[in-house]
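Everything below concerns the one structure shown next.
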Amino acid sequence: RPSSSGWRNIRSRVGEGSDGVLPFHETLGGCRTDWRPLQPSGPWACSHITRKMGAETNDDVRQKMPYYRKRVEIFEKFLDRETKAIEQAREAAVPIEIILPNGNTIQGVLGATTPMEIAQSISKSLAKKVVVAKVDGQAWDIFRPLENNCTLQLVDFDDEEGKETFWHSSAHVLGQALELEFGVDLTIGPVIDEGFYYDCYMGDKTLSPEEYQKIEQRMAQAIKEGQPFQRIVVTREEALSMFQENKFKVEIIQNLPEDAVISVYRCGPMVDLCHGPHVPNTSLLKCHAVTSASRSFWRADVKNDPLIRVYGITFPEKKLLSDYKHRIEEAKKRDHRVIGVQQELFFFNPLSPGSCFFLPNGARVYKELINFLREKYWTYEFQEVITPNIYNFDLWKTSGHAGHYAENMFCFDIEKQKYGLKPMNCPGHCLMFAHRTRSYRELPWRVADFGVLHRAGWWSTWCGGGGVGAMANAGKEIRSEWLRLHEDAEMEAGEAMECIQERSELARRGVDAARLAAVARRKLGALRSKIDALDRTVEDGGKATDQEVQRRKQLVSVLNTKHENMSQLLSKAGKNATLAETRPKGAPKETERTAQLESGEILQLQDRIMRDQDGDIESMSRDVSGIKHVALTINDELTLHQRLLDDLDEDLDYTHRNVKTLQKRIAYIMKRSGGWKTMCFLIALIVGLIFLLVFVVRVT
């Protein structure tokens, strides 16, 4: 930025009515200007702003004009301070080293050299594409002087951080357009996944789609001017003096931490609080569009001031913008809210805001999704439960909802006690778990249910919902009771085998293992109880198929065999331990050798049992797959039979109508002829048709 004498030279050369844009790197007043287009400052800048608005401004904008001018004047005053610091740094010429990604080192001046100067020294084409720099891994304005020895990486729009900076700068241009067109009070303007938005306060006014074009025209004007982004650092008091007319900015400044670095950026007549970084100038934002607008609230609280949220998108190339618009149009065609109404799946009604009304077609899709979830929860071993919708508020105090989310719950009083609709299922599941004493063998305890959840608020404070929602939380019955009992029995068998093996090892060494023997006996007793329970429930009250009953009997038989083998091993281990304890000193160690052999037998038996278990699991998996296949086949057959029955119903209706028609004709003929022969013939004909119809029905 040139000195004050430099500005005098600019005015003399370009005149008061010019934008003050000079060629890059032009030296004025003995001071080398920055590479970007120059923007006028001081009182001249204020007249420049007013002239740019012209007669098109409305009353709201005219009322805000003194505030906009004051912001620029204060910014220019603080910018002089920054400029002097840069000039002093150039005079001091303290060297620093800048390391590039390829390992090369470039010398720079502390507090004066900028990433853009380095980009220009490397390649002019690179300088045109670069959007932001990364200094020691942190995003950095390419026009901001470096403050220490550092590593430097230059980033363009193709990089994720490049896109974020590109759209962040675009949000400032959108804010400028909103101020100049409608005289709004700006709040925040962050980047989103694809694009950006700016929240602004317009009082009771709203934006219509017809006004988007006006905003785009204002943005196009700012982009055409190539307005540079400028940065200053201010104190809290200086920031408050700059934005005291905007209550939203004042609140943001007052809530900043004490040690926060407060930075302010300027883009043309728009001055805003911002942490940065930004692109060097607006000319990089070549293609832009305002995509939509919606309602919001300050701090996402419906009790605060209502805001207008304006969304936009920008790209460095027209092709990228065209591709984006094409994707958005295709996405609109697949919008579930539109398809749901067109295909009569579901709809929403303001009498139950946020809640979905599933029509018959939608209910079919909903049931299929539930079945899909049940299959998944079978895989992940969850059991389905059902819990109430209403709980006393004591539960929500225990869970923490009352202390943190009470304002986002539906609460009401019943018999002088406070109750609330459940916003989530977990507290109810905790009550289920706590209603009786549990064993560690029941862990992990996985349950879920298709409960209806209710959450209140403009923006939901829980993950996954917005507004008032009635959502199904998935659940699944994972295993039948019989399979769970069989799994417990297998676990008991494994634990008993471990105890017997350890008992045998102690007996081999002649160590007293009475305590472990008692544990092993208890394990075998528990296993026996579980096997008996399995045997009693093998038919599952007549619900199991013959094939499944046969398979269950085989599993019970395998468990019985394991129990008998382990009982024999435990008995042998006990005898060997007794012999080892009674063997006199110096006697042959036959007992020890026998115990070693028994231990080997135990290991072999354990390996065999493990192989049998693996085989059982594989066999059960095949059986389950076969059952599923049979179930699908039966379902297809039932569907076919239903279709045949529907066709038969239609045939019967058609025949019934024909019989009625025939009766009318008979009555007419009888009336005309009056002959008994004709009547008998027709009666015989009707009887024959009835027999024929019965025959057709039976064949079908």
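The values are calculated or read from the model by the stated rules, or taken from the named source; none is laboratory data. Bear in mind the structure is a predicted one, so any value in this text is a computation, not a measurement. Here Cβ is always computed from backbone atoms with ideal geometry, including for glycine, and neighbour counts include all displayed protein chains. Areas reflect the complete protein model, heavy atoms only, side chains present, ligands, DNA and RNA absent. Shrake-Rupley method; radii C 1.70, N 1.55, O 1.52, S 1.80 Å.
For this structure, a couple of remarks:
- Across region 78-112, the number of residues qualifying as touching a residue at least 12 places away in the same chain (Cβ under 8 Å) and in contact with a helix residue (DSSP H, G or I) (Cβ under 9 Å, 6 or more places away or on another chain) comes to 9.
- When residues of region 666-700 are limited to those that are at pLDDT 75 or above and more than 30 Å from L644 (Cβ to Cβ), the one least open to solvent (accessible area, probe 1.4 Å): L682
- Identity of the residue in region 178-210, charged (D, E, K, R) and touching a residue at least 12 places away in the same chain (Cβ under 8 Å), that ends up surrounded by the fewest Cβ atoms within 10 Å (Cβ to Cβ): K205
- With respect to the conditions (1) open to solvent by less than 40 Å² (accessible area, probe 1.4 Å); (2) closer than 20 Å to Y324 by Cβ, E216 lacks only one, and its number is (1).
- Count of residues meeting criterion [surrounded by 13 or more Cβ atoms within 10 Å (Cβ to Cβ) and touching a Cys at 6+ places or on another chain (Cβ under 8 Å)] in region 310-335: 6
- Count of residues meeting criterion [farther than 17 Å from P190 by Cα and either within 27 Å of the chain's Cα centre (by Cα) or of a type in the set (K, R) (or both)] in region 255-303: 4
- Test: L174 is closer than 13 Å to I313 by Cα, aliphatic (A, V, I, L, M) and buried (at least 20 other Cβ atoms within 10 Å of the Cβ): yes
- Only listed residue being in contact with an Asp or Glu (Cβ under 9 Å, 6 or more places away or on another chain), among the acidic types (D, E) and farther than 25 Å from L100 by Cα, chosen from D185, D193, D204: D185
- Scanning region 353-368 for residues that are at pLDDT below 90 and either of a type in the set (V, I, T) or in contact with a strand residue (DSSP E or B) (Cβ under 8 Å, 6 or more places away or on another chain) (or both) yields a count of 3.
- The one condition in (1) buried (at least 18 other Cβ atoms within 10 Å of the Cβ); (2) touching a helix residue (DSSP H, G or I) at 6+ places or on another chain (Cβ under 7 Å); (3) of a type in the set (A, V, I, L, M, F, W, C) that A293 fails to fulfil: (2)
- Qualifying residue in region 365-388 (condition: among the basic types (K, R) and either touching a Cys at 6+ places or on another chain (Cβ under 7 Å) or without any contact (Cβ under 8 Å) to a residue 12 or more places away in the chain (or both)): yes
- When the residues of region 394-423 are filtered to those that are assigned to a strand (DSSP E or B) and out of contact with any helix residue (DSSP H, G or I) (no Cβ under 9 Å at 6 or more places or on another chain), the one that is most open to solvent (accessible area, probe 1.4 Å) is D413.
- Meets criteria (open to solvent by 80 Å² or more (accessible area, probe 1.4 Å) and either out of contact with any helix residue (DSSP H, G or I) (no Cβ under 8 Å at 6 or more places or on another chain) or polar (S, T, N, Q) (or both)) for T387: no
- Members of region 424-440 found to be surrounded by fewer than 10 Cβ atoms within 10 Å (Cβ to Cβ) and not hydroxyl-bearing (S, T, Y), listed by number: A434, H435, R436
- Long-range neighbours under 6 Å by Cβ, at least six apart or interchain, first residue closer than 21 Å to V687 by Cα within region 640-660, second open to solvent by 90 Å² or more (accessible area, probe 1.4 Å) and polar (S, T, N, Q): L648/T700
- Condition met for Y366 (surrounded by 12 or more Cβ atoms within 10 Å (Cβ to Cβ) and farther than 28 Å from Q217 by Cα): yes
- Region 76-132, residues that are polar (S, T, N, Q) and open to solvent by 60 Å² or more (accessible area, probe 1.4 Å): Q88, N102, N104, T105, Q107, S121, S125
- Every test in (1) of a type outside the set (S, T, Y); (2) in contact with a strand residue (DSSP E or B) (Cβ under 9 Å, 6 or more places away or on another chain); (3) at pLDDT 90 or above is passed by N255 save one, and that test is (2).
- Looking across Y366, Y391, one residue alone is closer than 16 Å to L453 by Cβ and in a strand (DSSP E or B). It is Y391.
- Listed by position, the strands (runs of 3 or more DSSP E) inside region 226-275 whose residues that are open to solvent by less than 40 Å² (accessible area, probe 1.4 Å), hydroxyl-bearing (S, T, Y) and closer than 15 Å to V72 by Cβ number at least 1 are 262-267.
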